1. How many percent of DSSP beta bridges within the stretch 108-182 run antiparallel, rounded to 5?
2. Using the Cα centre of the stretch 50-197 as origin and beta-carbon charges of +1 (Lys, Arg) and -1 (Asp, Glu), tell me which of V180, V72, G120 is placed farthest towards the positive end of the dipole.
3. Please give the contour-minus-distance gain from A92 to K165: 0.36 nm per residue of separation, less the Cα-Cα distance, rounded to one decimal in nm.
4. Pop out the carbon and sulfur fraction of the accessible area of the chain as a percent, whole number, probe 1.4 Å.
5. Can you pull the three principal axis extents for the Cα set of the stretch 22-67, in Å, largest first?
6. What residue among G137, G204, T149 has its Cα farthest toward the positive end of the dipole of the stretch 135-209, where the charges are +1 on Lys, Arg and -1 on Asp, Glu, each on the Cβ?
7. Would you mind working out the accessible area per residue for the stretch 29-103, using a 1.4 Å probe, and quoting it in Å²?
8. For a quick size check, give me the Cα extents of the stretch 108-213 along its three principal axes, largest first, whole Å.
Amino acid sequence: MNESEIRKIVEQVLAGLPDTGCGPCGSFPVEASARHVHLTSQAVEALFGPGAKLTCRRELSQPGEFLSDQRVRVVTPKGEIAGVAVLGPERAAIQAELSVTDCRTLGLSAPVNLSGDLTGAADLYLVGPCGMIEARGCAIAARAHIHMTPADAANFGVHDGQHVKVEVEGERPVIFGDVVVRVKESFALAMHIDFDEANACLLGKNTRGRLAE
């Protein structure tokens, strides 16, 4: 049997094996999510003026979401952070997603929650060019998570709400535990971590992660 025949057999065997997460299709992009806020349409008008709408600066990796041109100042009795990004489109509830370092700067005791879960969320003030609002129960420290479609979840052998470990590759490899899988047809495959976590693994452009044991 010559080398060409052996290579062909190996390729046929590999093609028939299930994906274990060890090959290229077993990894996924890892993105840093900077501090940001989500606003209701009423909050947009209160902060930026009557009739104001969020305007898109650039699209984000998740379909339908965008970084807006608007910025706000996040204020508490113990500190403030200026120039905080506002993401669109408008939502049903105000939400501020911060890092743990941001929370310490602001003197907040905020829970580590997934986006959309405001259980135990902290209070703060949001200041825009046209006004200020008291946003009660809106601030969380964002929990690391992976966006997947149902097909992605099937490929990786996981399900919505599952907690997994992820090894992030790069100059300083790190294994993150308690990463939550989020499954929805409209999602695009990507893991999101905050800037504290991004700094811990020296996250760079095109960094990828894979499920760990």
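1. Looking only at bridges with both residues in the stretch 108-182, the antiparallel portion is about 70 percent.
2. Of the candidates, V72 comes out farthest on the positive side.
3. Using 0.36 nm per residue and subtracting the Cα-Cα distance, I get 23.2 nm.
4. Percent of accessible area from carbon and sulfur atoms in the chain: 53.
5. Result, largest extent first: 53, 17, 15 Å.
6. G137
7. Accessible surface, normalised per residue, equals 46 Å².
8. If we take the Cα atoms of the stretch 108-213, the spans are 46, 32, 25 Å.
The values are calculated or read from the model by the stated rules, or taken from the named source; none is laboratory data. Given the structure is predicted, the values throughout are model-derived calculations rather than measurements. Note: ideal-geometry Cβ built from the backbone for every residue, glycine included; neighbour counts use all protein chains shown. Calculation scope for accessible area: heavy atoms of the full protein, side chains included, ligands and nucleic acids excluded. Shrake-Rupley method; radii C 1.70, N 1.55, O 1.52, S 1.80 Å.
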